[in-house]
Structures are given as C-alpha cells and as structure tokens.
Amino acid sequence: METLKHICNQFQIKAPVLKMDVLASGHINDTYLITCRNGLNYVLQKINNQVFKNVKDIVLNRISVSNHLKKEYAKTGSFYQVASFIPSKNKTFFVETTQGFWMMMVYIPNSKTIDCAENKKQVFEAGKLFGNFLASTSTLESSEVIETLPKFHSVPFRFSQFEQALKQATPERIFKAKHLIDFVNDLQKDMFLLSELKEKHIFPTRITHNDTKLSNILFDPEDNGLAVIDLDTVMPGIVHFDFGDSIRSICSNTEEDSTELESTSINLGFYEAYCKGFATDTLKILTPEEIKYLPLAVKTLIYIMALRFLTDYLNNDIYYKTAYETHNLVRASNQITLLKSVIENYIDIKRITYSNFNLENIP
C-alpha cells in the first residue's frame, strides 16, 4: 500500500490518495483504482517490462493514439471517450521503479468493464466500438505508431517458438499435451495463410489494438460502449488481428480458463451481433479482400492463442500468470476446442460474415 502511494505521489495529482483498490489483474499488467481526497479517481497501471522491453515506445504510442482519437471524436461529435494521461512530476508520462513502469490515467466516471458477455447488445456494442477504433485511427499514419511487439500475431513466429519449446520440454509435459501437440501440427499449413498474405501486402496496414477482448472496453451503466482502453499493444497491423481476437475472446460460450470443454463452442448469435456492430464504421474503410479473409482470421487468432498457451506450458509457465500447474494446458485445451467448433461451423460463419459486410459470391 505504501509503495503504491509513493508511486502515485510521483504523478501530478492534486490531492492526497485516500484508498487504492485492485481494478483488474490480467495476464500481463496490474491495474489499480486510486481514490483521492478531492473525490477524483485515477487508474494506476503497471506495465510489465519483462514482456514489454521498450516501455517508452509503448507510452509514445498510447499518447499518440489517444490524442488522435480525441481529435477525431471532437470532429465527429462522438460520445465515445478516451483516457487522459497524467504526467509525472518529471514531466514524462510514466514513472520507473524497481517493480516496473507505471502510468496514470483519469478514471472515466459512470463506466464499467465486463469480463464475459451476457447478451447480444454487449457484443454488438463491443464490435461497434472496436470497429470505430479502426475507422477512427485510419486517418493516422501507421508510420506515427511504433511496432512495439514485432511478429505478435505471426503464426510462423509463434510456431517456431512452439517448436523450440517442444525440444526443451520435459517428457511429462509432452505426454500430457500430446493430443494438443498433434492437433496444432496437423493444422499448421492452413494457419500460415493469413501471415503469408500479410507479407505479400494483400491487405492495407492499419493501426490495430491487438488485444481486443471484452474487458478492454468501458461500458456505461446501460451497456453502451464508451471507450477502448489498454493501448499497450497498439501498433501497425491488419484488421484481421483485431477482428479475430475479439471473436476468440467474446464469442466463445466459455471463458478461456474454463475446464468445461463440452460447453466450449462458438456462439453464432454473438458472432452475428459482433459482425453487425463491427461493420457499422468499418464498411466504409475495409476492402473486399480484407472482408473475404475475416472468417480465416477467426480460426487463425484462436490457433495463435492455443499455440501461445501450449508453448508456455511446455516452457514451464514462464510467461503467463498461472494459478495451478496445468493452468496453461487447460487454456490451450479450451482454445483448441473452440477452434474445432469454429471449423465445424465455418460455413455459417462465412455466411454471417459476408451478409453483414455486404460481400456476395465469395467461395
């Protein structure tokens, strides 16, 4: 508590800290709600510098994209909001400590986060807001945003990490993961396609969020989308990264930590709601080629996440936070099960996608 207070006091806040509460604790970063005596609330977030080696670039991206969104929303009269960052007393937008790097933002009042979608409205609003993020940043030159995590969504890169982990894994962990290892190997060739098309510049380079899960959206009390948050992973990319990752995390019938594999499947009703929301603002910017490969993005991003969890399990859990020994194995199993459901429902997924994005006669 005293350590966090000391960190808070290094930012330009105008009143003493009254209390601190854990706001969110994700796989990578830790986030706290800070309440001050003048009634103002702030969000304090630790950036994990073991994962993000170039923290200063991440800070620059956050500030650049946030400032751009504020200008765009002001021009269009949008009710969407953007986090405002608090400078430190050293006039930077971060504080470095032995525990890591810290940033502070103004808390957006009357807002909430949702970890797991409860209804189609929430899913629609998520799609609409993440789609608006892509459309609004389409007027920002990609050269103004730094690629902080090269190959983040590259299947060839993730597969090479998996192969290296497999060489070094213990026989016990290989045995327990054998069925998953066989599956990702069998699907390897198909899952390389999106990365190959990106390398051939078939798709425009866009500013992408790269972590489009539901909890990275703020909602108002009536479940209307309010703001996109957690811009650590913002960088140049392709639309498929954001679309596929959203579907992976929002449109599954179970959360990625769930052991209830018999219930893990793609929720087609949620998928259609997300497509409708996402198309609201992206229809005016997406090319036919981008739309054509949106269904493949769903399969590919689930595959990437399964690979990442499986790789970390084989590496003895050195990357993601885990609560028990087989936690990453459970996560990988969940994602593989979800991927199998997507494959089984792929015809319907393509039909829903092309219908909502006004694309016809696509094989």
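See the values below:
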item: Rounded percent of accessible protein surface that carbon and sulfur make up, the chain, 1.4 Å probe; result: 50
item: Probe 1.4 Å, protein heavy atoms only - accessible area per residue of the range 1-132 in square angstrom; result: 51
item: Solvent accessible area, Å² - Phe124, 1.4 Å probe, full protein context; result: 70
item: Solvent exposure of the range 150-217 as accessible area per residue, Å², 1.4 Å probe; result: 54
item: Kirkwood Rh in Å, taken over all unlike Cα pairs in the range 37-128; result: 15.5
item: Rounded to the nearest 10 Å², the accessible area of His201 at probe 1.4 Å; result: 150
item: In Å², nearest 10: area of Thr148 left accessible to a 1.4 Å probe; result: 10
item: Taking the chain and dividing mean pair separation by its residue count, relative contact order in percent (alpha carbons under 8 Å, at least six apart); result: 19
item: Globularity ratio of the range 174-236, using Cα Rg and 2.2 N^0.38 Å; result: 1.68
item: Most to least accessible of Glu125, Glu260 (protein chains only, probe 1.4 Å); result: Glu260, Glu125
item: The range 192-277, relative contact order [Cα under 8 Å, separation at least 6], %; result: 26
item: Estimated FRET transfer efficiency when R0 is 35 angstrom, pair Thr76-Ile114 (beta carbons, to 0.05); result: 0.90
item: In sequence order, calculated HN-Hα J values of the range 55-61 (Karplus, 6.51, -1.76, 1.60; Hz; x Gly/Pro); result: 4, 4, 5, 4, 4, 4, 4
item: Quarter of the Cα convex hull surface for the chain, i.e. its orientation-mean projected area (nm²); result: 18.3
item: Accessible area in square angstrom per residue, the range 238-360, 1.4 angstrom probe; result: 35
item: Inverse mean reciprocal Cα-Cα distance (Kirkwood Rh) of the range 61-197, Å; result: 19.6
item: Shape of the range 275-363, Cα gyration tensor, a/c cut at 1.5; result: prolate
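The values are calculated or read from the model by the stated rules, or taken from the named source; none is laboratory data. In this text the structure is predicted, and so the values were computed from the model without any measurement. Cβ: placed from backbone, ideal geometry, glycine included. Neighbour counts: every protein chain shown. Areas reflect the complete protein model, heavy atoms only, side chains present, ligands, DNA and RNA absent. Shrake-Rupley method; radii C 1.70, N 1.55, O 1.52, S 1.80 Å.
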